[in-house]
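What follows is a short report on a single structure.
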């Protein structure tokens with residue numbers, strides 16, 4: 001089998017932890033923003049739409065740099081979070097999760113928004129006539145019907161978070177055991193002589209993880225579809 | 001005794017809707033050609049559409065009054081609504097669909113009432129199926145059961161047979177007649193088919209181009225009305 005060194009295992013475990021935390025924290029925001037974009041009209045909606053999608057089109061280094069100057073320890077938001085909540089992002093794995101969550105966010109919002117737009121609003125009216133107030137309509141009808149889109153968004157965000165490199169390395173650097181993910185370790189290994197074998201092992205792992213995420217999403221989507229449509 | 005008092009106005013595109021009628025116990029048919037505004041009227045009674053002016057009251061409870069800015073939201077009106085296309089929740093089983101209204105109101109489970117309505121509509125063998133697996137007629141029976149099991153004070157049926165073929169129409173009508181005779185819940189029945197109205201209604205309110213053109217007994221229907229049951 002794969003003979004990983006402890007340092008490589010650390011990077012794999014760290015990557016998974018960062019991707020899971022990033023995706024889990026992004027999900028509530030993804031549902032709220034997706035709902036706002038799908039269902040409401042307000043002044044500045046196109047601006048919000050643009051901001052959400054910015055990380056997808058900007059160079060990742062730019063996103064990382066912006067995070068650095070806003071969320072660094074001495075930066076305005078970073079200093080506030082540190083002194084009031086004890087949350088530190090800079091050069092910590094939490095900062096990597098923040099960067100990965102933001103980079104994956106546009107990929108999460110899009111399918112959720114599309115799923116919410118595709119829901120037959122008449123079913124929500126039917127739920128209202130049966131006595132469900134708006135929060136209950138959302139929980140019992142809207143969310144379950146949007147589930148395939150939510151699953152797709154979660155998988156895309158997770159995959160993006162797992163592979164994120166540019167924003168992460170710019171924001172939280174490449175510290176073994178703290179912020180060194182699979183991607184940044186591969187990068188490091190390709191910069192040193194004789195690192196090719198180790199890099200190759202990690203590349204293989206990255207491919208396996210990506211495949212596993214794809215298969216899991218297919219399986220979940222099929223299960224959701226069977227539940228809804230009996231097909 | 002008057003159960004439902006409707007007096008509403010609304011501008012709907014080119015159609016100016018101005019409808020006023022009272023309904024007593026039994027089945028009141030809103031009868032008229034497509035585009036007369038029948039569905040808009042029941043949507044207003046259910047609270048899904050807001051009138052520009054007027055008022056709606058059930059049993060002395062005001063549900064809507066533009067002058068007094070009263071507008072009870074649909075989930076607090078306790079009006080059962082059977083939609084033309086059923087609108088069963090695709091992600092829930094038939095049993096969960098039937099239970100939905102009771103769960104939302106937090107009322108205790110009443111097994112006897114559940115059995116009675118499920119028996120009345122002959123849907124006990126469908127309880128564990130998904131709506132996708134039902135025929136059109138079965139789907140509408142479940143939709144009627146779902147609306148009944150929320151314990152409504154009024155039942156709205158918007159062309160419940162329109163999406164069915166002739167055979168399924170004949171299959172469902174007896175259930176609706178039984179419902180009228182057994183359940184004792186006042187109903188407003190929307191239809192453009194005279195034969196249906198003749199079978200089920202006790203009172204007829206005739207609509208055309210957004211206005212009530214006549215109201216009274218079944219004798220309002222004349223031979224010129226199209227008979228679409230077969």
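The values are calculated or read from the model by the stated rules, or taken from the named source; none is laboratory data. Since the model is a prediction, treat every value here as computed from it, not as a measurement. Backbone-built Cβ (ideal geometry, glycine too); neighbour counts: all protein chains shown.
Key figures for this structure:
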{"read-out": "Among the residues listed as A:68, A:81, the single one being more than 18 Å from residue A:168 (Cβ to Cβ) and either in contact with a strand residue (DSSP E or B) (Cβ under 8 Å, 6 or more places away or on another chain) or at pLDDT below 95 (or both)", "value": "A:81"}
{"read-out": "Test for residue B:150: is it in contact with a helix residue (DSSP H, G or I) (Cβ under 8 Å, 6 or more places away or on another chain) and in contact (Cβ under 8 Å) with a residue 60 or more places away in the chain", "value": "yes"}
{"read-out": "Index of the failed condition, residue B:118 passing every other in (1) modelled with pLDDT of 95 or more; (2) not in a loop (DSSP other than H, G, I, E, B)", "value": "(1)"}
{"read-out": "Sole residue being within 30 Å of residue B:48 (Cβ to Cβ), buried (at least 22 other Cβ atoms within 10 Å of the Cβ), more than 14 Å from every other protein chain (Cβ to nearest Cβ) and touching a residue at least 12 places away in the same chain (Cβ under 8 Å), chosen from A:34, A:104, A:64, A:95", "value": "A:34"}
{"read-out": "Lone qualifier among A:153, A:177 - being under 30 Å from residue A:11 (Cβ atoms), in a loop (DSSP other than H, G, I, E, B) and more than 8 Å from every other protein chain (Cβ to nearest Cβ)", "value": "A:177"}
{"read-out": "In region B:93-103, the residues that are within 12 Å of another protein chain (Cβ to nearest Cβ), assigned to a helix (DSSP H, G or I) and free of Cβ contacts under 8 Å to residues at least 40 places away in the same chain", "value": "B:96, B:103"}
{"read-out": "Near pairs, Cβ below 9 angstrom, 6+ apart or cross-chain, from region A:209-231 (within 14 Å of another protein chain (Cβ to nearest Cβ)) to any residue that is surrounded by fewer than 12 Cβ atoms within 10 Å (Cβ to Cβ) and modelled with pLDDT of 85 or more", "value": "none"}
{"read-out": "Subset tally (residues that are in contact with a helix residue (DSSP H, G or I) (Cβ under 7 Å, 6 or more places away or on another chain) and free of Cβ contacts under 8 Å to residues at least 24 places away in the same chain) for region B:204-222", "value": "2"}
{"read-out": "Conditions (1) buried (at least 18 other Cβ atoms within 10 Å of the Cβ); (2) more than 16 Å from the chain's Cα centre (by Cα); (3) assigned to a strand (DSSP E or B): number failed by residue B:9", "value": "(1)"}
{"read-out": "In region B:58-87, residue surrounded by the most Cβ atoms within 10 Å (Cβ to Cβ) [restricted to those that are more than 10 Å from chain A (Cβ to nearest Cβ) and in a strand (DSSP E or B)]", "value": "B:63"}
{"read-out": "Boolean, residue A:167 is buried (at least 20 other Cβ atoms within 10 Å of the Cβ) and either part of a helix (DSSP H, G or I) or modelled with pLDDT of 95 or more (or both)", "value": "yes"}
{"read-out": "From B:90, B:108, residue being assigned to a loop (DSSP other than H, G, I, E, B) and either closer than 17 Å to residue A:132 by Cβ or within 14 Å of chain A (Cβ to nearest Cβ) (or both)", "value": "B:90"}
{"read-out": "Flag if residue B:67 is at pLDDT below 95 and over 19 Å from residue B:204 (Cα atoms)", "value": "yes"}
{"read-out": "Within region B:161-230, strands (runs of 3 or more DSSP E) holding 1 or more residues that are loosely packed, with under 13 Cβ neighbours inside 10 Å and at pLDDT 80 or above", "value": "B:211-216"}
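A quick yes/no check of all residues on (1) in contact (Cβ under 8 Å) with a residue 12 or more places away in the chain; (2) closer than 28 Å to residue B:157 by Cα; (3) away from chain B (no Cβ under 11 Å):
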residue	(1), (2), (3)
A:111	yes, no, yes
A:119	yes, yes, no
A:132	no, yes, no
A:141	yes, yes, no
A:149	yes, no, yes
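Every residue, every condition in (1) within 18 Å of residue A:25 (Cβ to Cβ); (2) part of a helix (DSSP H, G or I), yes or no:
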{"position": "A:77", "(1), (2)": "yes, yes"}
{"position": "A:80", "(1), (2)": "no, yes"}
{"position": "A:97", "(1), (2)": "yes, yes"}
{"position": "A:115", "(1), (2)": "no, yes"}
{"position": "A:125", "(1), (2)": "no, yes"}
{"position": "A:132", "(1), (2)": "no, no"}
{"position": "A:139", "(1), (2)": "no, yes"}
